[in-house]
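A quick write-up on the structure given underneath.
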Amino acid sequence: MKTLITRLLLSTLMLLTGSLAMAQPDDMPPIPEDKLEEIKAQKVAYITQKMGFTPEEAQKFWPVYNQYDKELETSRKEMRDFHRGLKKSGTELTEAEANQLIDKELSTRQKELDTRRKYSTEFKKNLGAVRTVKLYQAERDFNKELLKRMRERGGEQRGGGGPGGPPPNR
């Protein structure tokens, strides 16, 4: 059972890290704050609906989840900033910089995993293991849907599907 939870956590971590990388490449400008707030509100509504929280459960759950999400976002932002800094230098990576990049990547992933482990314990205590797995599934489903919508909008904005333009990603 412990291995199953570890595998679920690792796959969630890899999916989320990968989806964020695809959703916002390093050379894209940051997403405006109002859009981020809108996405967060949609995520809260989505997870609340999928989890079927009572008002009392939601009142206990969301402060813990928001702190969890904030800690994960801090780690992700560190990594994005680090990658952007390397890209802006415009030079080829030296062996030392490559080693630094690898170490930073691994340390950030470990920090994210430690955060997930810490909050997994909290979630299991408050929700139970089955509902915690359901929470992770709801997060993955929300991220998939968000990426799908972003790709569709990106294709439309680039003129995808029109004559001479690339087809939208669907």
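The table below lists the values:
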| read-out | value |
| --- | --- |
| Nearest-0.05 FRET efficiency for R117 and D141, computed from C-beta distance (R0 22 Å) | 0.50 |
| Aspartates and glutamates whose Cα lies under 18 Å from that of K148, excluding same-chain neighbours fewer than 8 positions away | E38, E139, E156 |
| FRET efficiency, 1/(1 + (r/R0)^6) with R0 35 Å, evaluated for E152 and K77 via beta carbons | 0.85 |
| Accessible area per residue, Å², segment 62-159 with all protein chains present, probe 1.4 Å | 62 Å² |
| Summed side-chain charge close to K60 - residues other than K60 whose Cβ falls under 13 Å, Lys, Arg +1, Asp, Glu -1 | -1 |
| Whole-Hz couplings from phi, Karplus 6.51/-1.76/1.60, listed for segment 59-65; x for Gly and Pro | 4, 7, 6, 5, x, 5, 5 |
| Sites V130 and Q100, calculated FRET efficiency, Cβ-Cβ separation with R0 35 Å, nearest 0.05 | 0.25 |
| Label-to-label distance, nm, for residues given as T91 and T54 (7 Å Cα→Cβ offset) | 6.3 nm |
| Compactness index (Cα Rg / 2.2 N^0.38 Å), segment 23-152 | 1.24 |
| Label-point separation, W62 to R109 (7 Å along Cα→Cβ), nm | 3.4 nm |
| Order by protection proxy (mean Cβ within 10 Å, highest first), peptides 97-109, 63-75 | 63-75, 97-109 |
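The values are calculated or read from the model by the stated rules, or taken from the named source; none is laboratory data. This is a predicted model, so every value here is computed, not measured. All Cβ positions, glycine included, derive from the backbone under ideal geometry; neighbour counts span all protein chains shown. Surface accessibility is based on the protein's heavy atoms, side chains included, excluding ligands, DNA and RNA. Shrake-Rupley method; radii C 1.70, N 1.55, O 1.52, S 1.80 Å.
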